[in-house]
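Here the structure is laid out as C-alpha cells; the discussion comes afterwards.
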Amino acid sequence: MQPVPPSPLPGGTRPTTNAGPGQAPARDPAVLPAPSDRARRLIVWGINYAPEVTGIAPYNTELCEYLTARGHQVRMLTTFSYYPQWRKMPADRGRLYRTDRINGVPVHRCWHYVPRRVTAP
C-alpha cells in the first residue's frame, strides 16, 4: 500500500464523498482552496453571447461571469450578435472585429456570415 500524499487543501483537510461504487465523488466547495490559489487564464469560444437572450448565449454569459467573479482571467471569443432575429445589429454590419467588456469579461467579437434566409428546419 502506498502512503497517502499530503493534502493540497488548507489545513490538511480532504474532500469527503458519499458517492457509491462507479459514481464520481461530489466535491464540497467548502473545502476547496480560495479562488486566488487556483486562478486560471481561460478562453471560452462560442458562437453566441450577451446581449442575445436565447439559445446558448445565456449559458456562455453566465459561465464567463461566474468564472470571472471567482478570480479567473476569462476571455470570450464569439461572433457579433444576430440571434434570434438572424440579423446583425446595424452598428455591427461590415465590421470585422470588436472587443467589448461586459460585466468584467473581455468579449472579442469577430465577423461571421449570417444568411438572409434560414434554411435549416
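Matching residues to (1) closer than 15 Å to I43 by Cα; (2) touching a Gly at 6+ places or on another chain (Cβ under 9 Å):
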| site | (1), (2) |
| --- | --- |
| Y66 | yes, no |
| R75 | yes, no |
| T78 | yes, yes |
| S81 | no, no |
| R87 | no, no |
| G94 | no, no |
| G104 | yes, no |
| H108 | yes, no |
| Y113 | no, no |
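Within the range 74-94, is there a residue that is basic (K, R) and touching a Phe, Trp or Tyr at 6+ places or on another chain (Cβ under 8 Å)? For the range 74-94, residues basic (K, R) and touching a Phe, Trp or Tyr at 6+ places or on another chain (Cβ under 8 Å): present. Cβ separations smaller than 7 Å between residues 6+ apart or across chains give the following pairs from the range 62-80 residues that are more than 27 Å from D92 (Cα to Cα) to residues that are buried (at least 16 other Cβ atoms within 10 Å of the Cβ): L67/V74. Restricting the first residue to the range 96-117 and requiring it to be surrounded by 11 or more Cβ atoms within 10 Å (Cβ to Cβ), which pairs with a second residue that is charged (D, E, K, R) and not in a strand (DSSP E or B) meet a Cβ separation below 8 Å and a spacing of at least six or different chains? What qualifies is R98/D92; N103/E65; V105/E65; R109/D92; W111/R95; V114/R87; V114/K88.
Filtering V4, V44 for residues that are aliphatic (A, V, I, L, M) and either loosely packed, with under 14 Cβ neighbours inside 10 Å or at pLDDT below 90 (or both) leaves a single hit, V4.
The values are calculated or read from the model by the stated rules, or taken from the named source; none is laboratory data. Predicted model only: the values in this text are computed from it and were never measured. We place every Cβ from the backbone using ideal geometry, glycine too, and count neighbours over all the protein chains shown.
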